[in-house]
Amino acid sequence: MKIAAYQFAVTNNLDQNMKQIQKALLQASHMGVKLLVFPECALAGYPPRDLKNSSSVSFHELASAFQKLEKLSADYAIHLIVGTVIQENKSCYNSAALFSPNQKPAFYHKRALWGWDQDNFCMGTEKGVFKIEGWSIGIPYML
């Protein structure tokens with residue numbers, strides 16, 4: 001499986017971040033990539049550097065972006081791991097979202113929190129491993 005990582009200057013502008021992700025996806029599709037990985041908080045921005053705090057994230061806009069990423073993953077037949085912020089039961093998590101062709105998204109919530117992370121996020125409980133095409137893919141900064 002061909003794996004690629006795409007680093008870019010993440011901002012608090014969801015549309016701008018999505019444009020970078022779409023640009024990378026197009027490039028990756030031409031290179032035969034099957035798994036494309038993006039930075040921590042790549043979709044929403046990183047509190048407090050890009051956002052005031054985790055509660056200032058527009059979760060409604062993120063839900064729409066998730067739908068777009070599901071479609072893009074299917075259209076390009078590429079798995080995507082995208083750093084984002086997730087809200088569950090009024091708790092916010094620094095998360096990795098896996099978008100796979102023809103599958104529902106899977107999420108992992110970061111467990112190792114310190115500094116800004118402790119101030120903005122709740123700790124996840126599961127290990128950061130996704131199964132992709134028979135491979136076990138670990139999220140190193142989130143294990």
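The values are calculated or read from the model by the stated rules, or taken from the named source; none is laboratory data. Since the model is a prediction, treat every value here as computed from it, not as a measurement. Counting neighbours? That spans all protein chains shown, and the Cβs are built from the backbone with ideal geometry, glycine included.
Going through the range 14-30 one residue at a time, which ones are touching a Phe, Trp or Tyr at 6+ places or on another chain (Cβ under 7 Å), within 21 Å of ALA63 (Cβ to Cβ) and not polar (S, T, N, Q)?
Within the range 14-30, ILE21, LEU25 meet the criteria.
Please verify whether GLY134 is more than 18 Å from ALA44 (Cβ to Cβ) and more than 15 Å from the chain's Cα centre (by Cα), treating the condition exactly as stated.
Judged against the criteria, GLY134 is a match.
I need a count of the residues in the range 89-137 that are within 18 Å of ILE3 (Cβ to Cβ) and modelled with pLDDT under 90.
1
When you check ALA24 against the structure, is it free of Cβ contacts under 8 Å to residues at least 60 places away in the same chain, assigned to a helix (DSSP H, G or I) and buried (at least 21 other Cβ atoms within 10 Å of the Cβ), yes or no?
Taking the combined requirement at face value, the residue satisfies it.
When you scan the range 33-143 for strands (runs of 3 or more DSSP E) that lie fully inside it, which ones turn up with 3 or more residues that are surrounded by fewer than 19 Cβ atoms within 10 Å (Cβ to Cβ) and touching a residue at least 60 places away in the same chain (Cβ under 8 Å)?
none
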